[in-house]
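Report on the following structure.
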Amino acid sequence: MSNPLMNEKAAAQAARAGWGAPDLSTRATPIAPITDGPISSWRPRVMTVGGTATATGVLLVLLLATATVGWIMAPTSDSKVDGVMGIAIGAVIAGFVCAIVLRFKPTLAPVLAPIYALAEGFFLGVISRVYDDRYNGIVMQAVGATLGVFAVMLLLYKSRILKVTERFKRIVVTAAMGLMLFYAVSFVIGLFTGFSSISFFNSASPMGILFSVFAAGLAAMMLAVDFDLIEKGAKAGWPKGMEWYAAFGLVATLVWLYLEILRLLSKLQRR
């Protein structure tokens, strides 16, 4: 079990069937030839931790690029830009569709993961500008906190202080799926009743703050699950294209973590 936006079983099946396991037709650097003859062999191109880190970096660059556009276009208290929020909501829906498709078709990750990053980046830019206009400096605080949590979770995972067992993954992913279902239901209700009446999770009450702390902590735990998937994929020799799938999962979790921290900080400033 992995990130709820991902599917480890489908990924493993795609690695064996969709791309081959491993695909020897995609050749990379040749191994040094044997000394007793002209015979050479080829090392298959497989998923690596370094390659996944590179793919993650590319997705983050794309995300930041469209986030900058969203930030510039976003409405503020001094200026109103009609239609931008509608575009931002459309970007969220586009990113969600990409995530759903990737859950069942991991082989499409090299195409859909960049589209997801572009779409979510625009939304993050718009929503971040709205928050920063209301709470000056909150975006930089949220970005710093997100990077800090990422560094801490990576350290805990690499040092094996935090052990990602199958039981750990089941608990984290089940809780994350429940939270996402709650968000989805709240969003649908909000479309008909107004966002102010969704539920307590938007309030700055002690219960609302506790809820945000729980959600942000859950997102942090999901980072460890993503690290485990990347490490397992590299050890299993998944095809090179699966690096984009793993990178997508990591970026999706970072987006979730950032939004939860942003909401938490806004609640703390309202008290």
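The values are calculated or read from the model by the stated rules, or taken from the named source; none is laboratory data. What you see is a predicted model; the values in this text were computed from it and never measured. All Cβ positions, glycine included, derive from the backbone under ideal geometry; neighbour counts span all protein chains shown.
A few remarks follow.
- When Leu223, Leu229, Leu259 are checked against the criterion of being assigned to a helix (DSSP H, G or I), modelled with pLDDT under 95 and not small (Gly, Ala, Ser), a single residue qualifies: Leu229.
- Residue satisfying all of: in region 76-114; farther than 21 Å from Glu260 by Cα and of a type in the set (Gly, Ala, Ser); modelled with the highest pLDDT among these: Ala113
- Restricting region 127-161 to residues that are of a type in the set (Ser, Thr, Tyr) and in contact (Cβ under 8 Å) with a residue 12 or more places away in the chain, the residue that is farthest from Gln269 (Cα to Cα): Tyr157
- Leu124 in contact with a Gly (Cβ under 8 Å, 6 or more places away or on another chain), assigned to a helix (DSSP H, G or I) and either buried (at least 16 other Cβ atoms within 10 Å of the Cβ) or at pLDDT 90 or above (or both): yes
- Residue check, Lys163 among the charged types (D, E, K, R) and surrounded by fewer than 20 Cβ atoms within 10 Å (Cβ to Cβ): yes
- Residue count for region 133-151 under the criterion of being touching a helix residue (DSSP H, G or I) at 6+ places or on another chain (Cβ under 9 Å) and not in a helix (DSSP H, G or I): the result is 1.
- Residue under evaluation Ile161, criteria (1) aliphatic (A, V, I, L, M); (2) out of contact with any helix residue (DSSP H, G or I) (no Cβ under 6 Å at 6 or more places or on another chain); (3) under 20 Å from Ser212 (Cα atoms), criterion not met: (3)
- Single unsatisfied condition, Met242 versus (1) buried (at least 20 other Cβ atoms within 10 Å of the Cβ); (2) at pLDDT 95 or above: (2)
- The set of residues from region 140-175 being under 30 Å from Trp71 (Cα atoms) and among the hydroxyl-bearing types (Ser, Thr, Tyr) comprises just one member, Thr146.
- Among the numbered conditions (1) within 25 Å of Val225 (Cβ to Cβ); (2) touching an Asp or Glu at 6+ places or on another chain (Cβ under 7 Å); (3) in contact (Cβ under 8 Å) with a residue 60 or more places away in the chain; (4) assigned to a helix (DSSP H, G or I), the only one that Val164 does not meet is (4).
- The lone criterion from (1) assigned to a helix (DSSP H, G or I); (2) among the β-branched types (Val, Ile, Thr); (3) surrounded by 13 or more Cβ atoms within 10 Å (Cβ to Cβ) left unmet by Ile100 is number (3).
- Verdict on Ala117 being among the small types (Gly, Ala, Ser), surrounded by 21 or more Cβ atoms within 10 Å (Cβ to Cβ) and either modelled with pLDDT of 90 or more or in contact with a Phe, Trp or Tyr (Cβ under 6 Å, 6 or more places away or on another chain) (or both): yes
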